[in-house]
1. Listed residues A:121, A:111, A:101; which is over 18 Å from residue A:40 (Cα atoms) and either hydrophobic (A, V, I, L, M, F, W, C) or modelled with pLDDT under 95 (or both)?
2. With the checklist (1) crowded, with 21+ Cβ neighbours inside 10 Å; (2) in a loop (DSSP other than H, G, I, E, B); (3) over 19 Å from the mean Cα position of the chain (by Cα) in hand, flag the one item residue B:75 doesn't pass.
3. What number of residues within the stretch B:279-310 satisfy the criterion of being crowded, with 17+ Cβ neighbours inside 10 Å, within 14 Å of chain A (Cβ to nearest Cβ) and in a loop (DSSP other than H, G, I, E, B)?
4. Under 27 Å from residue A:67 (Cα atoms), more than 14 Å from chain A (Cβ to nearest Cβ), among the aliphatic types (A, V, I, L, M) and not in a helix (DSSP H, G or I) - does that describe any residue in the stretch B:253-269?
5. Please determine whether any residue of the stretch A:115-133 is within 10 Å of chain B (Cβ to nearest Cβ), of a type in the set (D, E, K, R), farther than 30 Å from residue B:5 by Cα and in contact (Cβ under 8 Å) with a residue 24 or more places away in the chain.
6. What number of residues within the stretch B:452-489 are buried (at least 22 other Cβ atoms within 10 Å of the Cβ), assigned to a loop (DSSP other than H, G, I, E, B) and among the hydrophobic types (A, V, I, L, M, F, W, C)?
7. Across the stretch B:31-67, what is the total count of residues that are assigned to a loop (DSSP other than H, G, I, E, B), touching a residue at least 12 places away in the same chain (Cβ under 8 Å) and out of contact with any helix residue (DSSP H, G or I) (no Cβ under 7 Å at 6 or more places or on another chain)?
8. State all residues of the stretch B:485-524 that are of a type outside the set (A, V, I, L, M) and touching a Gly at 6+ places or on another chain (Cβ under 7 Å); if no residue qualifies, say none.
Amino acid sequence: MPLLVNREIHPIDSQPEPLAFSEYLELDAAAQAAIKAIRANGEDPLDQLLLHASRFDMIALEFPILRDGRSFSIARELRVAGFSGQIRAVGETSRDKLQFLERCGFDAVELDDELFRREHLDAYTEISVQYQGAVDQPLPIYRQQEATA
Amino acid sequence: MYIYNEVDQRLIDERVAQYRDQTQRFIAGELSEDEFLALRLMNGLYIQRQAPMLRVAIPYGLMSAEQLRVLAEVSRDFDKGYGHFTTRTNIQFNWPKLEEVPDILERLAKVQLHAIQTSGNCIRNTTTDHFAGIHPSETEDPRPWCELIRQWSTLHPEFAYLPRKFKIAVTGSSEDRAASQVHDVGLHLVRNEAGELGFEVLVGGGLGRTPIIGKKIRDFLPAPELLSYLEAILRIYNLKGRRDNKYKARIKILVEAMGIEAFTEQVERHWQTLKDGELRIPQQEIDRVTAFFADHPYREDAAADLTLDEKLDSNQDFRTWYARNTHPHKQPGYRAVTVSLKPHLGAPGDITALQMEIVADLAERFSFAQIRSTHEQNLVLADVAQADLYEVWQVLTEHNLARANIGLLTDMIVCPGFDFCSLANAHTLNIAEQINRTFEDLDYLHDLGEIRLNMSGCINACGHHHVGHIGILGVDKKGEDWYQITIGGSSREDASLGKVLGRAVAADDVAATLERLLETYVDLRVEGERFIDTVRRLGVAPFKEAVYAVAS
């Protein structure tokens, strides 16, 4: 199971799974201050997550099932709010989501894929046209030309 | 119409290559059934009862003659020589081979066609008025805005795994020919008191298991903020829409659960952070896209033609067709022609490869090489000079495309039903045929006047049965097909949901039931009153009584 960080392959870090954000919220302030990484998903209160985000080095956003796309929006909201730590996609990630993940602000992805091959990194560059602004390219297509002109 | 630039073309070419790779990995066993399912659906490929089904996008229902020819080619080379137009104004091929789909897409991409987001839980093809840009009563042409939505929504990275599918319709007229009130988002182009262009925005409409008329979320959205506002709506939906039950996952359920006030408040609050930002569409871009939809070079003297009146006087069949299947045009001397895909005994919305080519020919010769598909499953040649109508009619007649039934009972919207669709509970095509056989007499059909009959083979309501003046829903009762009839629905500006007439009827009794229903209407109507208006005036009761009296 590889970990991709900024499109590069790393071994999964040996650290224990980060604390769930819901459990983090139960802690007192002192205990909270010691927490540097959490995991969250679409069930967690987004306003709270945005409020606490700047304390973390890493936020793992879960994709509990293949069809659950909430974490795309959560990642985008975190980046727009100025979160600069690592946002890691965990759970039902896949090669075919890599480009969308990156566009929404994920810089790291855990891939639970025994068949992972280096060629899968091509997924990041399969589509070179971005009609809409996102985290990677904030300008929609009609402002991209303007910007390069 | 919009013509791709190099960037637009590159995107669909790259998408074809990407999908080819995905297909190859699936065939090689590197991609699970489940993963490939999500990917192929986002590219319009379903696995149906008989074979895969490929749905190709016709963005806002506008295509060129060249594109229609390629669709004909594809149907011939990769399918069984026909296609089926849908209520999303797309075209479906029912018999492609999974492994050949990348080749089909490659062929389509050469003429700027694709299957991106024609299914799956993402933003689908935007639909609009099939008379956009030509109707005399139009406020503003909605198509440039549809194209802007198309680009913004295409491969949107954040909205590819929504809770459920998402459909947007845009109108530019006080008349609603796009069923905008039963869309996830309905957009109505309007001008404010200052004369500025903007949108009235509806949200949370939809059909399916829980039919709901859309609710107004904003009276006036400045037009350049269209995409920022859509992004706000989509983001709230993506974050808050239900994920636990696919039947409760559409935005309409979220809007109902939150209440329109609370939903509006959230969208507006989020929108405050987006408006006046990067998504605001610069005037230059609006102008660029709008220029693609400029008026055709119409003949100034088209109205001076005298031959039309002569033909109308001398040929009754032509006169009937003209009255029913042609429509007013803003340019004097021009008419819009509906090409009926509702022949006497044929699947509604189906078209053969040859017919596609014939229509493409006619478009090239007489209608500026463009064709539109309607959500009522017909085609439109939007810009035909009156002097050319007779020849167009002759050609259409020769190819069984001129049945003078547009807007009449047999101009049915019908989903493919159990014969093709794996979701269906009941057949629909046999019932359509039964209705066609029973209501064969054109004079009687014309006497019955405007009736919208919509039929779906299951509760998912692809055939829009809730908003038919007469709606027919196929249900399965212990392995048998039964049909529930509703009356009083409309998808127009006066949108309403049909009410159940009474207990479901057996397959053999559908047309007979409609006969009794319509005899009752003829008895009860006042002079010139349409079926829907009689139902609205009197309610369901007298119809129910008359229809079921015989059986009980």
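1. Exactly one of A:121, A:111, A:101 is over 18 Å from residue A:40 (Cα atoms) and either hydrophobic (A, V, I, L, M, F, W, C) or modelled with pLDDT under 95 (or both), namely A:121.
2. Status for residue B:75: all satisfied but (2).
3. 3
4. No: zero hits.
5. Within the stretch A:115-133, not a single residue is within 10 Å of chain B (Cβ to nearest Cβ), of a type in the set (D, E, K, R), farther than 30 Å from residue B:5 by Cα and in contact (Cβ under 8 Å) with a residue 24 or more places away in the chain.
6. Selection size over the stretch B:452-489: 3.
7. Residues flagged as assigned to a loop (DSSP other than H, G, I, E, B), touching a residue at least 12 places away in the same chain (Cβ under 8 Å) and out of contact with any helix residue (DSSP H, G or I) (no Cβ under 7 Å at 6 or more places or on another chain) within the stretch B:31-67 amount to 8.
8. Those that are of a type outside the set (A, V, I, L, M) and touching a Gly at 6+ places or on another chain (Cβ under 7 Å): B:486, B:488, B:489, B:496, B:498, B:499.
The values are calculated or read from the model by the stated rules, or taken from the named source; none is laboratory data. Predicted model only: the values in this text are computed from it and were never measured. All Cβ positions, even for glycine, are placed from backbone atoms using ideal geometry, and neighbour counts span all protein chains on display.
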